[in-house]
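See structure below.
Throughout, read-outs are computed from the coordinates displayed, never taken from laboratory work. Just so it is clear, the model here is predicted, and its values are computed rather than measured. FYI the Cβ positions are ideal-geometry reconstructions off the backbone, even for glycines, and counts take in every protein chain you see.
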Amino acid sequence: MRYLPGSLHPVGNDGLHFNSALNSGTNNSVPATVLTALYELSDHLPVVADFEVDRLGIGLEEFRDHVQRATDLDGHVILQRIEAHEDWTVEVVDAAGRVVARSNWPEGELRWRSESVYSGWMILRIADASGRTKFASPR
């Protein structure tokens, strides 16, 4: 991230009101309502600057393995994924590390719902067909 030189400016500062009220006389740097709000509600002016940000390559590729977790009204866990090109395995693991439940999340299915309602502290562990962990979340 880089600051763009010359882009820094305090909102409401027209350069003509040094040591005087912003709203005295003419100040066309911002609309009158903004100028009044700055004068009445703040003792400092907000500063605006422009920055150049390199694209980090974040796109669909980075989210292919991303899973969103929610709970429905009945207490069942709901998982959703963007794409489903392979089978995944979902395991519910308790605090002692025991697998309480194991279920298949088939290829082509974007949504998975737990068969049971689990109470207490649990981890949802999702693995692809090769056993590589895709997602793990405490419940």
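Okay, here's what the table says:
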{"quantity": "C-alpha long axis of helix 32-41 to longest principal axis of the chain, angle in °", "calculated": "80"}
{"quantity": "Structure-based [θ]222 nm, the chain - -39500 (n - 2.57) summed over DSSP H runs of at least 4, per residue, nearest 500", "calculated": "-2500 deg cm²/dmol"}
{"quantity": "At 0.692 mPa s and 37 °C, Stokes diffusion of the stretch 60-138 via Kirkwood alpha-carbon radius, µm² per second", "calculated": "256"}
{"quantity": "Listed residue (A84, V34, N13) projecting farthest to the positive dipole end of the chain, Cβ model", "calculated": "A84"}
{"quantity": "Dipole-positive endmost among Q68, V100, N23 within the stretch 1-112 (Cβ charges, Cα centre)", "calculated": "N23"}
{"quantity": "Cα-only Debye scattering, the chain: base-10 log of I(q)/I(0) at q = 0.13, 0.15, 0.16 Å⁻¹", "calculated": "-0.67, -0.75, -0.82"}
{"quantity": "Linear extension gain, N19 paired with D50, 0.36 nm per residue minus alpha-carbon span", "calculated": "8.5 nm"}
